[in-house]
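Q: Sharing a structure here in structure tokens format.
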Amino acid sequence: MTRRILMRATGQARPGQLAGLGRILARSGARLLDINQSVTFGIVSLEALVALDHEADLEGALSGAGDELGLDVQAIQISADEYHRWSETASQPRLIMTLLAPRLPAGILAEVGALTAEHGLTVELIHRLSGREPLDGEAPAQGSCVECWLRGEDVDLESLREKALALGATHGVDIALQEDSIWRTHRRLVCFDMDSTLIKAEVIDELARRHGVYDEVAEVTERAMRGELDFQQSFRERMAKLKGLDESVLAEIAEELPLMDGVEQLMAQLKRLGYRTAILSGGFTYFARHLQQRLGFDEIHANELVIEGGKVTGEVREPIVDADRKAALLHQIAQREGIAMEQTIAVGDGANDLKMLAAAGLGIAFRAKPLVRAQARQSISTLGLDAVLYLIGYRQADLSCQTPGHD
């Protein structure tokens, strides 16, 4: 009759411990069913679930090896019912919950634990993706991030997301939820909005300020937000107010574009890792090309200003890049490159990005208004743009190449 035994060993980590325990299991003829090991501040914790199909004093052998290996070793009998319950749990769908903030408050753990328990979820694993905090107590340069693996059945994912969003807002923590799948760590295409996503500005507002029509443009924007104008109507009306703006002003603004926090680090890593990158913007190609040259985007799609005689005419060439156009471009690029939609990522901050975010395999609202955060499946508000890498599952330690501004 098969016996199942959970071996649990803890103690000061040193070389040869795994080999010593492995030899004992081998001499006993045990079959390995599962294993997990971690080391924190030099203390090792090792658990191995094994099966024995014949009589053998594995418990005694393990106990005798503990002193020799410097470990406290326990052997726990696992009943058939316990094993079946464990097997059933392991076959349940898995969710990935990612917690991100400049620093993670310890109190968030209790509330996350209560929230997951409320939805019938078991916390299977928690591990850190961010780098270690410096000894001087400064916040880590790329923020703090831990990833939790959750298991459960019949989870009301929308309710869980809504409560996680509210909980995160209370503690100043971004809480992202993803269904685990083979695609999660195999994304290949990343598409970005430009204004207030890649740069800390809305270019049309900057153009309006230079042309002395900011208040008029802002009034049109306000009418659009009230629902009196759709995007294309408001865009054309705002553009008309820029008629006569000198082209030299565009060049000045392009040179002064303030980059979003973390964008240089993110683009360096995406290029290193082989991702295709694109800008899909309701802004202007004039500025998107500038970012393409500076940061290395593979392609750009934005609105083309009509300039005649060195002056902006107040018109743009068709088609206008609006919410529908962004989503369509995402599909077109993926199809052209032979990339499954599940392998795509879209990042944006505005309501006109929501269709693109919904179409992507991973849609991320970045530093967005509450309405956009509530409708998007994922959001990042507390860290820079390079935190996108955490949602793909990369550890800071894995991203070892030097990036701009970092030695």
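Q: How high is the FRET efficiency between LYS163 and SER63 when r is their beta carbon distance and R₀ equals 30 Å, given to the nearest 0.05?
A: 0.05
Q: A further question follows. Calculate the FRET efficiency for ILE76 and ALA117 from the Cβ-Cβ distance with a Förster distance of 30 Å, rounded to the nearest 0.05.
A: 0.80
Q: Something else about it: Would you mind getting the accessible area per residue of region 76-135, heavy atoms of the protein chains only, 1.4 Å probe, in Å²?
A: Numbers: 3530 Å² over 60 residues.
For region 76-135, the per-residue accessible area is 59 Å².
Q: Once you have a ≥ b ≥ c as the square roots of the Cα gyration tensor eigenvalues for region 1-116, tell me rounded if a/c is under 1.5, and otherwise prolate or oblate according to whether a/b is larger than b/c. Please report the intermediate quantities before stating the final value.
A: Numbers: a/c = 2.90, a/b = 1.45, b/c = 2.01.
The shape class here is oblate.
Q: Something else: With a point put 7 Å past each Cα toward its Cβ, work out how far ARG236 is from ASP215 in nm, to one decimal.
A: For the pair ARG236/ASP215, the computed spacing is 2.7 nm.
Q: Among rounded, prolate and oblate, which fits region 101-144 when a ≥ b ≥ c are the square roots of the eigenvalues of its C-alpha gyration tensor, a/c under 1.5 means rounded, and a/b larger than b/c means prolate? List each step's numbers first, then the result.
A: Values: a/c = 3.58, a/b = 2.35, b/c = 1.52.
Prolate shape, in that a/c is at least 1.5 and a/b is the bigger ratio.
Q: What share of the DSSP beta bridges in the chain is antiparallel, in percent to the nearest 5?
A: 70
Q: By the gyration tensor of its Cα atoms, with a ≥ b ≥ c the square roots of the eigenvalues, what is the shape of the chain: rounded for a/c under 1.5, prolate for a/b over b/c, or oblate?
A: Details: a/c = 2.86, a/b = 2.48, b/c = 1.15.
The shape class here is prolate.
Q: Still on this structure, I have one more. Of the listed peptides 309-318, 326-335, what is their order by residue-averaged count of other C-beta atoms within 10 Å, with the highest listed first?
A: So the order, starting with the most tightly packed, is 326-335, 309-318.
Q: Shifting gears a bit: Would you compute, from DSSP H runs of 4+ residues alone, the mean residue ellipticity of the chain at 222 nm, taking -39500 (n - 2.57) per run and dividing by the full residue count, rounded to the nearest 500?
A: -11500 deg cm²/dmol
Q: Hey, another quick one. Determine the share of the chain's accessible area contributed by carbon and sulfur atoms, expressed in whole percent, with a 1.4 angstrom probe.
A: Carbon plus sulfur share of accessible area: 49 percent.
Q: Moving on to the next point. Roughly how many nanometres apart are two label points built 7 Å out from the Cα toward the Cβ at ARG31 and ILE320?
A: 6.7
The values are calculated or read from the model by the stated rules, or taken from the named source; none is laboratory data. Because the structure is a prediction, the values reported are computed rather than measured. All Cβ positions, glycine included, derive from the backbone under ideal geometry; neighbour counts span all protein chains shown. We work out accessible area using only protein heavy atoms, side chains counted, and drop any ligands, DNA or RNA first. Shrake-Rupley method; radii C 1.70, N 1.55, O 1.52, S 1.80 Å.
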